[in-house]
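Everything below concerns the one structure shown next.
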Amino acid sequence: MRAKRKQKLYAVLGLVTLAAIAVGLTLYALRSNINLFFSPVQIAEGQAPLERSIRAGGMVKAGSVARDPESLAVSFTVTDYVEDLEVRYRGILPDLFREGQGVVVLGQLQPEGWLRADKVLAKHDENYMPPEVAQALEEAGYAPEDYQDKAAEVAKRLEAED
């Protein structure tokens, strides 16, 4: 091989190596930032990874909210009316959070089967349901409209109790 050709070969190999390293580092960085959505049924089936950041959603089960009077700790159950998922959160809940409403929680699934939430997102009005929650409910054989009616019913009952 001539010197010039050898030099070009080394340059091309160097560029290919740098490109491969750049792609690898980019994919590694993106992997840690991806939050996949799972319904309580998928979590119960073991499809969700343990101790990795995930999003889980469904409806807050009526009668499941338990607040610690000494701290900001709260636990509640998210359900898709097939399976339930216990969620534990430490912080201030959104104003729109209440039983019978749709929520999406971001956190890590623990080996014991409960989710340690870092963030709780509540729906904005009576007719809104996060798209992931609506899809998960439909896949479980339920229509989102059924849950909106049920959520309105629970909201009326809770207002009557106050």
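The values are calculated or read from the model by the stated rules, or taken from the named source; none is laboratory data. Predicted, not measured: the structure shown is a model, and the values here were computed from it. Reconstructed Cβ throughout: ideal geometry from the backbone, glycine too, with neighbour counts over all protein chains shown. With ligands, DNA and RNA removed, areas are computed over all heavy atoms of the protein, side chains included. Shrake-Rupley method; radii C 1.70, N 1.55, O 1.52, S 1.80 Å.
Restricting to segment 67-91, give me the number of residues that are aliphatic (A, V, I, L, M) and either at pLDDT below 90 or under 12 Å from A122 (Cβ atoms) (or both).
The number of residues fulfilling the criteria is 2.
Can you tell me which residue in segment 21-31 is nearest to I54 (Cα to Cα), limited to those that are of a type outside the set (A, V, I, L, M) and open to solvent by 100 Å² or more (accessible area, probe 1.4 Å)?
Of the residues in segment 21-31, the ones of a type outside the set (A, V, I, L, M) are 24, 26, 28, 31.
Now restrict to residues that are open to solvent by 100 Å² or more (accessible area, probe 1.4 Å): 28, 31.
Working: Y28: 17, R31: 12 Å.
Only one residue tops the list, namely R31.
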Could you tell me whether F97 is on the phi < 0 side of the Ramachandran plot, within 15 Å of the chain's Cα centre (by Cα) and open to solvent by less than 50 Å² (accessible area, probe 1.4 Å)? no
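Being over 19 Å from N35 (Cβ atoms), touching an Asp or Glu at 6+ places or on another chain (Cβ under 9 Å) and open to solvent by 30 Å² or more (accessible area, probe 1.4 Å): is that true of G113 here?
Working: over 19 Å from N35 (Cβ atoms): yes; touching an Asp or Glu at 6+ places or on another chain (Cβ under 9 Å): yes; open to solvent by 30 Å² or more (accessible area, probe 1.4 Å): yes.
It is true that G113 is over 19 Å from N35 (Cβ atoms), touching an Asp or Glu at 6+ places or on another chain (Cβ under 9 Å) and open to solvent by 30 Å² or more (accessible area, probe 1.4 Å).
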Given the criterion among the polar types (S, T, N, Q), at pLDDT 85 or above, within 13 Å of the chain's Cα centre (by Cα) and at negative phi, identify the matching residue among S39, S64. S39
Any idea which of L18, L72 is open to solvent by 90 Å² or more (accessible area, probe 1.4 Å), over 16 Å from E112 (Cα atoms) and out of contact with any strand residue (DSSP E or B) (no Cβ under 7 Å at 6 or more places or on another chain)? L18
Yes or no: P94 more than 19 Å from S64 (Cβ to Cβ), modelled with pLDDT of 85 or more and either in a loop (DSSP other than H, G, I, E, B) or of a type in the set (D, E) (or both)? no
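Within segment 78-115, count every residue that is charged (D, E, K, R), over 18 Å from K61 (Cα atoms) and in contact with a strand residue (DSSP E or B) (Cβ under 6 Å, 6 or more places away or on another chain). Walk me through it before giving the result.
Step one: filter segment 78-115 for residues charged (D, E, K, R), giving 80, 83-84, 86, 88, 90, 95, 98-99, 112.
Add one more test, that the residue is over 18 Å from K61 (Cα atoms), and what stays is 90, 112.
After this cut, where a residue has to be in contact with a strand residue (DSSP E or B) (Cβ under 6 Å, 6 or more places away or on another chain) as well, the list is 90.
Within segment 78-115, residues that are charged (D, E, K, R), over 18 Å from K61 (Cα atoms) and in contact with a strand residue (DSSP E or B) (Cβ under 6 Å, 6 or more places away or on another chain) number 1.
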Cβ contacts < 6 Å: first residue touching a residue at least 60 places away in the same chain (Cβ under 8 Å), restricted to segment 57-82; second residue aromatic (F, W, Y) and outside any strand (DSSP E or B), any location; separation 6+ or different chain. Result? M59/Y147
